[in-house]
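Quick notes on the structure that follows.
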Amino acid sequence: MILKKCKKCGAMVEIIEDCHCRNCGIQCCGEKMEKIASNNAEFSFEKHLPQVEICGNYIEVTVNHVMEDAHYIEWVALETKGTLGKKYFKAGDAVKAIFPYVKNSTIYSYCNKHGLFEVKVK
């Protein structure tokens, strides 16, 4: 998954195929958008990493995180070879999603304040 974000306005785009040209790139607010790197370690005292429980042919994904107006998990996603599925959340929601179990897939969570986090599904 490749995400880019505008440092000025906060707009975010998901890239299907990134540009390979030199001195080129997607722009917003007159500047190049920056690639968002994912984290795979706990950040601060809060929980950001998705928790994955395998339940037969499905996985249940939760994130133990505050869901306040100014600080919350915006979405969780499952990425496999050729597939990307997302579930979006808003303040006050419980962060829980059900996805098909796919060995060696990646689960992402995105915190509106602290960015992108990922875990691998075994």
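I need the full set of residues from the stretch 105-120 which are at pLDDT below 95 and assigned to a loop (DSSP other than H, G, I, E, B), in order please.
Asn112, Lys113, His114
Do any residues in the stretch 68-89 that are under 19 Å from Lys113 (Cα atoms) have Cβ atoms under 7 Å from those of residues that are acidic (Asp, Glu), where the two are at least six apart or on different chains, and which pairs are they?
Close Cβ pairs satisfying both conditions: Tyr88/Glu74; Phe89/Glu74.
I need the full set of residues from the stretch 1-46 which are within 24 Å of Glu68 (Cβ to Cβ), among the hydrophobic types (A, V, I, L, M, F, W, C) and either modelled with pLDDT under 90 or in a loop (DSSP other than H, G, I, E, B) (or both), in order please.
Cys6, Cys9, Ala11, Ile36, Ala41, Phe43, Phe45
Can you give me the number of residues within the stretch 53-67 that are farther than 9 Å from Val95 by Cα, surrounded by 11 or more Cβ atoms within 10 Å (Cβ to Cβ) and either in contact with a Lys or Arg (Cβ under 8 Å, 6 or more places away or on another chain) or modelled with pLDDT of 95 or more (or both)?
Here the count works out to 4.
Test Leu49 against the stated conditions and say whether it is in contact with a Phe, Trp or Tyr (Cβ under 8 Å, 6 or more places away or on another chain) and not in a strand (DSSP E or B).
yes
For the stretch 73-104, give me each residue that is of a type in the set (Phe, Trp, Tyr) and either closer than 23 Å to Ile2 by Cβ or loosely packed, with under 11 Cβ neighbours inside 10 Å (or both).
Residues satisfying the conditions are Trp75, Tyr88, Phe89, Phe99.
The values are calculated or read from the model by the stated rules, or taken from the named source; none is laboratory data. All values derive from a computational prediction rather than experimental measurement. We place every Cβ from the backbone using ideal geometry, glycine too, and count neighbours over all the protein chains shown.
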